[in-house]
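Just so it is clear, none of the values below were taken in a lab; they were calculated from the coordinates. What you see is a predicted model, and the numbers here were worked out from it, not measured in a lab. Cβ coordinates were reconstructed from backbone atoms using ideal geometry, including for glycine residues, and neighbour counts include every protein chain displayed.
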Amino acid sequence: MDKGVLIVISGPSGAGKGTVCRNLCQQNPNLYCSISATSRSPRQGERDQESYYFLSEEKFRELIEQGAFLEWARVYGNYYGTLRQQVEEKLDKGLDVILEIDTQGAKQIRRNSKEAVFIFLLPPSMEELWKRIQGRGTDSPEVIKQRFAAAYQELEEIWKYDYAVFNENVPDAVKNIEAIILAEKCRIKKDGDILSRFF
Ligand code: 5GP
């Protein structure tokens with residue numbers, strides 16, 4: 001059985017990564033959305049082990065020491081990370097795995113995985129991004145400012161990604177990402193043996 005494809009999705013806060021990834025995984029049984037660990041507190045409506053694994057800073061640092069993370073980063077003052085075992089198990093079963101992570105985390109995956117696909121999700125415009133970040137209503141003014149400044153920094157990383165998808169609306173963004181995944185599955189890998197299943 002072929003191993004699944006590892007798909008990294010980054011983009012500024014407010015680009016709609018969460019909604020797009022959720023829709024992708026609900027509509028495609030072969031796709032698994034990785035559940036990250038974080039040391040930030042749950043927002044209203046977020047549930048442990050569904051939105052994130054919510055951990056204390058101490059527990060998070062313990063897991064870093066143990067090498068439990070495929071990648072991890074500090075984002076807006078909190079720890080976020082992808083649990084290695086969870087992802088590798090799914091890939092080995094042939095499932096495609098989506099990591100919705102920031103650009104620092106993507107850099108670590110790029111260093112360690114030749115096969116991963118990197119997608120940058122963009123809002124339709126900066127103006128729209130500002131509206132979305134403000135409109136969320138769950139963050140303090142200080143955090144809103146931080147997120148908008150960070151969005152500019154994140155945009156500078158776009159050149160390191162394989163694909164850019166504009167999130168004008170969720171169904172179209174989902175369709176575009178599905179097409180990218182399909183194309184990746186048909187890609188001839190230079191060090192793979194494409195004909196092994198044929199003979
Ligand atoms: P939020 O607090 O809004 O849920 O997420 C803040 C940022 O952290 C987002 O840009 C999100 O992509 C990023 N993030 C979420 N999970 C991970 C993770 O496991 N690793 C890294 N590096 N970033 C993450």
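Odds and ends about this structure:
- HN-Hα J in Hz across region 68-73 - Karplus 6.51, -1.76, 1.60, θ = phi - 60°, x for Gly and Pro: 6, 9, 6, 7, 8, 7
- Inter-part distance, region 1-19 to region 140-175, computed on C-alpha centroids, equals 12 Å.
- Per-residue 3J(HN,Hα) values for region 49-63, derived from phi via the Karplus relation 6.51 cos²θ - 1.76 cosθ + 1.60 with θ = phi - 60°, read 6, 10, 6, 8, 8, 7, 10, 6, 4, 4, 4, 4, 5, 4, 5 Hz in sequence order (x marks Gly and Pro).
- Beyond 28 Å in Cα-Cα separation lie the following of the pairs LYS17/LYS160; LYS145/LYS185; LYS59/LYS107; LYS59/LYS131; LYS17/LYS190: LYS145/LYS185; LYS59/LYS131; LYS17/LYS190.
- Over the chain: helical MRE at 222 nm, DSSP H runs n ≥ 4 each giving -39500 (n - 2.57), nearest 500: -12500 deg cm²/dmol
- Highest-MSF residue in the chain out of LEU182, LEU55, LEU91 [GNM, Cα springs under 10 Å]: LEU182
- Sites listed here are trypsin sites (Lys or Arg not before Pro) in region 1-76 whose DSSP assignment is loop and whose Cβ has at most 15 other Cβ atoms within 10 Å: LYS3, ARG43, ARG47.
- Interchain or long-range residues, amide H under 5 Å from VAL75's placed H: TYR80
- Here the label points at ARG197 and ASP162, each 7 Å from Cα along the C-beta direction, are separated by 1.7 nm in the simple model.
- Cysteines not pairable in the chain (beta carbon separation under 4.7 Å absent): CYS21, CYS186
- Net charge, ARG61 excluded, C-beta distance under 15 Å - Lys, Arg +1, Asp, Glu -1: -1
- Under 12 Å, Cβ to Cβ, from TYR52 - net charge with Lys/Arg +1 and Asp/Glu -1: -1
- For CYS33, residues with placed amide H under 5 Å, excluding near neighbours: ILE98
- Within the chain, longest stretch free of exposed GluC sites (Glu not before Pro) [DSSP loop, at most 10 other beta carbons within 10 Å]: 51-155
- Taking a sphere under 14 Å around the Cβ of VAL87 and counting the other residues whose Cβ falls inside, with K and R at +1 and D and E at -1, yields a net charge of -3.
- Residue order, fewest to most surrounding Cβ atoms within 10 angstrom, among SER196, SER10, SER125: SER196, SER125, SER10
- Largest GNM mean-square fluctuation among GLY105, GLY45, GLY14, using the chain with Cα springs under 10 Å: GLY45.
- Cβ charges +1 (Lys, Arg) and -1 (Asp, Glu), total dipole of the chain, debye: 140 debye
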